[in-house]
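Engineer: Sharing a structure here in structure tokens format.
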Amino acid sequence: MPVKVHALDHLVINVSDVAESAAWYRKILGMEVKVFDPGGGKAPRTFLEFGNQRINVRQRDADRGEWFTADQPTAGSEDLCFLTSATPDEVVAHLRAHGVAIEEGPGPRQGARGTLRSVYCRDPDGSLIEISSY
């Protein structure tokens, strides 16, 4: 029987400034910022928790001896879609209140479970962030 995955445990985003990015994801998307110290002389790791999900936030130019990472880590190359229970109008109002430019939306998009209503913005490195609701 072939291997078949059933869920995503975590993903890693490469950023130019861990503290700035973590603060943005906390303020704009309500994620909880946590720091884990692996010990053994390795630098502490920052991650973002939301629901049952986690995003590891990695400094783009971090020492490769510290992290097992992609071959070409690049800040600003992510394209992420997050689900919210807020209405699209509430998302727009929230982004505007925090001075975050809206790239597009709200508008319909195809999600994993059907049609979404999505609003697009960018994080501090320019990654595309889609905030959606079914």
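Bear in mind that the values in this text are calculations on the coordinates, not laboratory data. On a predicted model such as this, the values are computed, not experimentally measured, just so you know. Note that we place each Cβ from the backbone using ideal geometry, even for glycine, and neighbour counts take in every protein chain shown.
Engineer: Report relative contact order for the chain in percent, whole number only (criteria: Cα-Cα under 8 Å, sequence separation at least 6).
Structural biologist: With pairs under 8 Å counted, the relative contact order is 23 percent.
Engineer: Could you compute the longest span of the chain free of trypsin sites (Lys or Arg not before Pro) located in DSSP loops and having at most 15 other Cβ atoms within 10 Å, not counting the site residues?
Structural biologist: 65-112
Engineer: While we're on this one: Of 47, 82, 36, which has the largest mean-square fluctuation in a 10 Å C-alpha GNM of the chain?
Structural biologist: Judging by the Gaussian network model, the answer is 36.
Engineer: Give me the extension gain from residue 83 to residue 50: residue separation times 0.36 nm, minus the current Cα-Cα distance, reported in nm with one decimal.
Structural biologist: This chain segment gains 10.8 nm when fully extended.
Engineer: Could I ask something else about it? Taking the chain as the reference, fit the longest principal axis to its C-alpha atoms, fit the long axis of helix 88-97 to the helix C-alpha atoms, and give the angle between the two in degrees, 0 to 90, nearest 10.
Structural biologist: Orientation of helix 88-97: about 60 degrees from the principal axis.
Engineer: Something else now. Which percent of Cα-Cα pairs in the chain sits in each 10 Å bin, short to long?
Structural biologist: 11, 38, 33, 14, 3, 0
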